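Worksheet: one structure, shown below.
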Amino acid sequence: MFATIALLAAVVVFYSGYNLFIKVSSDHAPESSTSLILATIVLQLAALATSLAFAATLAARGGHTLTINTSTVTWAVFAGISIGAAEIAYFYIFRGVGGAEPLQAGVVVPVIVAGTIVLTTLASVLWFGEPVSPVQIIGVVLVLAGLGLLMRGSV
């Protein structure tokens with residue numbers, strides 16, 4: 001169980017870095033740039049390089065079967081399309097959309113993460129048939145309340 005919690009904590013740190021580094025990258029874009037799509041492509045290439053390095057490490061160690069089926073590929077493609085679209089939108093939100101001022105990371109990231117919590121909880125119940133406890137429902141309601149408070153003071 002400790003290994004799972006440690007890995008979960010590492011994912012939180014990596015995902016926080018992902019969110020914050022997109023903000024920093026957006027802040028460093030030249031004023032003359034009308035699109036940050038190249039930054040999104042660079043992000044994806046860096047993610048690919050990281051995955052390839054990990055796969056190479058597993059292959060070098062041996063004892064791993066690195067095969068997947070068509071269904072796994074299909075769903076991974078949908079996940080890739082989703083994260084690619086999210087990253088494009090992220091860069092635009094941090095840069096400012098339609099002449100609007102860019103939003104602060106302290107607003108954008110919590111709204112996206114909290115929104116993800118709510119939508120993922122709903123999808124896990126409706127799509128995967130996973131049970132949800134009363135405590136989880138209270139948690140989702142508190143997240144929604146927190147989102148309301150965050151947005152009320154920021155936008």
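Proximity of backbone amide H atoms, modeled 1.01 Å from N, is registered between residue 103 and 96 at under 5 Å, excluding neighbours fewer than 5 places apart on the same chain. Rounded if a/c is under 1.5, else prolate if a/b beats b/c, else oblate: with a ≥ b ≥ c from the C-alpha gyration tensor eigenvalues square-rooted, which is the stretch 75-155? The shape class here is oblate.
Distance between the modelled labels on residue 64 and residue 145, one decimal in nanometres: 4.4 nm (7 Å Cα→Cβ projection). Building the convex hull from the alpha-carbon atoms of the chain and averaging its projection over directions returns 12.3 nm².
With R₀ fixed at 25 Å, the C-beta to C-beta distance from residue 49 to residue 78 puts the FRET efficiency at about 0.65. Looking at the chain, which longest stretch skips every one of the chymotrypsin sites (Phe, Trp or Tyr not before Pro) that is in a DSSP loop with at most 15 other Cβ atoms within 10 Å, leaving the sites themselves out? Looking at the chain, 1-126 is the longest stretch - no exposed chymotrypsin sites (Phe, Trp or Tyr not before Pro) with at most 15 other Cβ atoms within 10 Å.
Given +1 at the Cβ of Lys and Arg, -1 at the Cβ of Asp and Glu and no other charges, the dipole of the chain around its Cα centre is 180 debye to the nearest 20.
A short reminder: the numbers here are calculations on the coordinates, not readings from a lab. Worth saying up front: this structure is predicted, and the values here are computed from it rather than measured. Reconstructed Cβ throughout: ideal geometry from the backbone, glycine too, with neighbour counts over all protein chains shown.
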